[in-house]
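Reading through the C-alpha cells given below for one structure.
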Amino acid sequence: MSHHPSEPRIPYGRQQIDEADVAAVVEVLKSEFLTQGPAGPAFEARVADYTGAACAVAVNSATSALHIACLSLGVGPGDWVWTSPITFVASANCALYCGAKVDFVDIDPKTCNLSVAHLAEKLNRADKAGRLPKVVIPVHLGGQPCEMEEIARLAQRYGIKIVEDGSHAVGARYKGEAVGNCRYSDIAVFSFHPVKIVTTAEGGMALTNDEALAECMALLRSHGVTRNPAQMRAQPHGPWYYEQVALGFNYRMTELQAALGLSQMGRVEEFVERRRVIARRYDEAFADLPLARPVQRSDVLSSWHLYIIRVTECASFSRSDAFTALSEAGLGVNLHYIPVHLQPYYRDLGFQPGDFPNAETYYEEAISIPLHPGMADEDQARVIDAVRGIAAL
Ligand SMILES: *Cc1c(COP(=O)(O)O)cnc(C)c1O
C-alpha cells in the first residue's frame with residue numbers, strides 16, 4: 001500500500017478558503033485601515049455572539065491569548081498554573097511567560113482530557129501543602145470539551161481560576177451550549193491557526209463574561225497604553241494624551257486577519273458538521289479493528305479538530321509501524337501530542353518519565369489521521385483503506 005506518487009498527500013488538517021473569504025481580505029487591503037479598524041471589533045462581536053460570551057478580545061495567536069489571560073488573572077512569580085500534559089506546549093508556556101511555575105494533571109485514559117479525579121486529588125494535596133494553583137487550564141483535546149461543570153465546582157471550592165484552552169473547540173458544545181460561553185470558566189481561548197476549525201492565518205481570541213478582565217486583556221494586547229480617561233492616573237493633558245499604565249505587548253490582530261475570520265465564521269457550523277460526518281464515517285469503518293477510537297462523552301458534541309486512533313497493546317502491530325505505513329500510504333499522519341513534561345525544556349525544570357503515566361501511555365499509542373472539512377469522500381476512502389490495511393500488518 002505504498003503511496004502512489006500521482007496521488008497527493010492528504011494532510012491531517014488544512015484550511016478551507018472560499019471566494020467570499022478572498023474578497024473580504026481584498027476589501028480590507030483597499031480600505032483605509034490595515035490594523036485597528038472596524039473589522040477587529042466586528043469579528044470580536046461575531047464570535048461573542050456565536051458563543052454567548054459577553055466580551056471578546058482578538059489577538060495575533062492563541063498563545064498570546066493564553067499569555068494575557070494568565071496575566072489578567074494575576075499570574076506571576078510564586079504562582080502555580082496547572083494544565084494537561086497532552087496539549088500543545090503553548091498551554092503550559094503561558095505560565096512560564098508570567099514567571100509562574102507549571103505543573104500537570106494526568107489525563108483520563110478514555111477521553112484523553114485532563115482527569116477530574118486526578119485534579120480533585122491533586123488539589124486536595126496541594127491545599128494541605130499550601131501550594132494551590134492560581135489557574136488551571138483544561139484543554140479540550142481534539143475538540144471534545146472537558147468535564148467543565150465538575151472542574152468549575154472544584155475551582156469554586158478551592159478558590160482557583162479556570163482558563164479553557166479551546167484552541168481545538170470552536171463550534172464544540174458542552175451540555176447543549178457553545179464552548180467559549182465561559183459558563184464554567186473565567187476565560188476561554190480560541191486559536192485560528194489554519195489547521196484549526198476556522199482560520200485567520202495566525203490569530204486567537206480570549207472570551208470572558210467579566211468586563212474588567214476583558215478591559216485588562218485589551219490593554220495588555222496593545223502595549224498597556226490607553227486613551228481611555230477612566231484608565232488613566234492623570235487628567236488628560238489634551239486630546240493627544242495617552243498613558244502607559246501596564247507593561248503590555250503588541251499582540252494585535254490585523255484587519256486582514258479579522259476580515260478573514262469574520263467571513264469564515266459564516267461557515268463555522270458547516271465546517272463542524274462536515275467534520276462530524278467524517279468522524280462518524282471513521283467510527284463505522286474502524287469498528288471491527290483492534291484500534292481504540294476516540295471516546296466521546298454523551299453530554300458533549302466535539303468540533304472534531306482531530307481524529308486520534310490509538311494502537312493499544314491488543315494490536316499485533318506497533319504504533320510506530322502503523323505510523324510509518326500510513327505515512328507511506330500518502331496520509332499526513334501526525335501525533336498530538338508528545339507529553340509536554342517530557343520536552344527537554346520541561347525536563348530541565350525537573351519533570352521526568354513516569355510523572356504522568358496515563359499521558360505517557362497515550363503517547364505510545366496515538367496517531368492523528370486526516371480530518372478536515374475540505375476532504376473529499378474519495379480522500380476519506382483512501383484513509384480508511386490505509387488504516388484497514390495496517391490491521392493486516
Ligand atoms: C494551536 C494550539 C495553541 C496555540 O495556538 P496558536 O494560535 O498557534 O498560538 C494552543 N493550545 C492548543 C491546544 C493548540 O492546539
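Odds and ends about this structure:
- Flag for LYS101 being over 24 Å from THR199 (Cα atoms), more than 16 Å from the ligand (Cβ to nearest atom) and open to solvent by 20 Å² or more (accessible area, probe 1.4 Å): yes
- Inter-residue pairs, beta-carbon under 9 Å, first assigned to a helix (DSSP H, G or I) and in the range 281-298, second open to solvent by 30 Å² or more (accessible area, probe 1.4 Å) and among the charged types (D, E, K, R), 6+ apart: ARG281/ASP377; TYR282/ARG293; ASP283/ARG293; ALA285/ARG388
- Qualifying positions in the range 361-378 - surrounded by fewer than 19 Cβ atoms within 10 Å (Cβ to Cβ), touching a residue at least 40 places away in the same chain (Cβ under 8 Å) and over 20 Å from the mean Cα position of the chain (by Cα): THR361, GLU364, GLY374
- Scan of the range 48-69 for residues that are surrounded by fewer than 22 Cβ atoms within 10 Å (Cβ to Cβ) and part of a strand (DSSP E or B), ordered by number: CYS55
- For the range 186-203, a residue qualifies if it is open to solvent by less than 10 Å² (accessible area, probe 1.4 Å), under 18 Å from VAL163 (Cβ atoms) and either more than 13 Å from the chain's Cα centre (by Cα) or away from the ligand (no atom under 11 Å from the Cβ) (or both), and the qualifying residues are ILE187, ALA188.
- Candidates THR63, THR83, THR51 - the one that is within 16 Å of the ligand (Cβ to nearest atom) and closer than 21 Å to ILE151 by Cβ: THR83
The values are calculated or read from the model by the stated rules, or taken from the named source; none is laboratory data. These numbers were taken from a predicted model, which means no experiment stands behind them. With ideal geometry, Cβ positions are generated from the backbone for all residues, glycine too; neighbour counts draw on all protein chains shown. With ligands, DNA and RNA removed, areas are computed over all heavy atoms of the protein, side chains included. Shrake-Rupley method; radii C 1.70, N 1.55, O 1.52, S 1.80 Å.
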